[in-house]
Amino acid sequence: MRKAFTLLEVLLASVILGLGLMAIIASMIQAQNMMISSTYLQTAQEVMDFGDMAYPLSDVKDPDKDLDVRETKATELWEKFAGDVRLTSEQYEKYREYTWEREALNRKDEDEVKRLGNLYTVRITVRWGDRRRGNGEEESYVTFWRKPE
């Protein structure tokens, strides 16, 4: 009767244990990346809400003048709708690299707008990160706005 492990059995057990640990570490890294990504997306959603409060679609009267809004910093959006309430230094750091933009995709195609019953397709985009270095990201959604008759 044998009382010890052979070298081959110990090596095989070490390889299996090493593969298991590598899989656990890889899943932890992936979970951390997902948490960071979800933080950016949550902040982007907040900036989208800032833009909707600063430039509500319900206030648009003339699509040629009011529908498109140039790219605007999130901190400027806050100042526009919050009035005298200032961002804290933490909030400023959180939102400082985010921008918001709204554009009508079919504004120049009057035939399509008339065919759709004065319905404009509007895209709202939030951007963040360093776009000059290729690290920029963006999130956008499309909504509709109907021109008042």
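The values are calculated or read from the model by the stated rules, or taken from the named source; none is laboratory data. This structure is a prediction, so every number in the text was calculated from the model and none was measured. Glycine gets a Cβ as well: all are built from the backbone with ideal geometry, and neighbour counts include every protein chain shown.
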Q) Within segment 90-129, can you find the residues that are charged (D, E, K, R), in a strand (DSSP E or B) and surrounded by 14 or more Cβ atoms within 10 Å (Cβ to Cβ)? A) 101, 102, 103, 127
Q: Go through segment 89-116 residue by residue and tally those that are in contact with a Lys or Arg (Cβ under 7 Å, 6 or more places away or on another chain) and at pLDDT below 90.
A: 1
Q. When segment 52-66 is examined, which residues are found to be part of a helix (DSSP H, G or I), over 21 Å from the mean Cα position of the chain (by Cα) and either of a type in the set (Asp, Glu) or modelled with pLDDT of 90 or more (or both)?
A. 59, 64, 66
Q | Per-region count, segment 70-89, residues assigned to a strand (DSSP E or B) and exposed (fewer than 13 other Cβ atoms within 10 Å of the Cβ) | A | 2
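Residues checked against (1) surrounded by 10 or more Cβ atoms within 10 Å (Cβ to Cβ); (2) within 14 Å of residue 125 (Cα to Cα):
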| residue | (1), (2) |
| --- | --- |
| 7 | no, no |
| 11 | yes, no |
| 14 | yes, no |
| 20 | yes, no |
| 27 | yes, no |
| 37 | yes, no |
| 41 | yes, yes |
| 48 | yes, yes |
| 54 | yes, no |
(Q) Where the second residue is among the hydroxyl-bearing types (Ser, Thr, Tyr) and the first is more than 27 Å from residue 96 (Cα to Cα) and lies in segment 57-73, which pairs have Cβ atoms under 8 Å and are six or more apart or on separate chains? (A) 63/120
Q. For segment 86-106, how many residues are in contact with a strand residue (DSSP E or B) (Cβ under 7 Å, 6 or more places away or on another chain) and more than 20 Å from residue 54 (Cβ to Cβ)?
A. 2
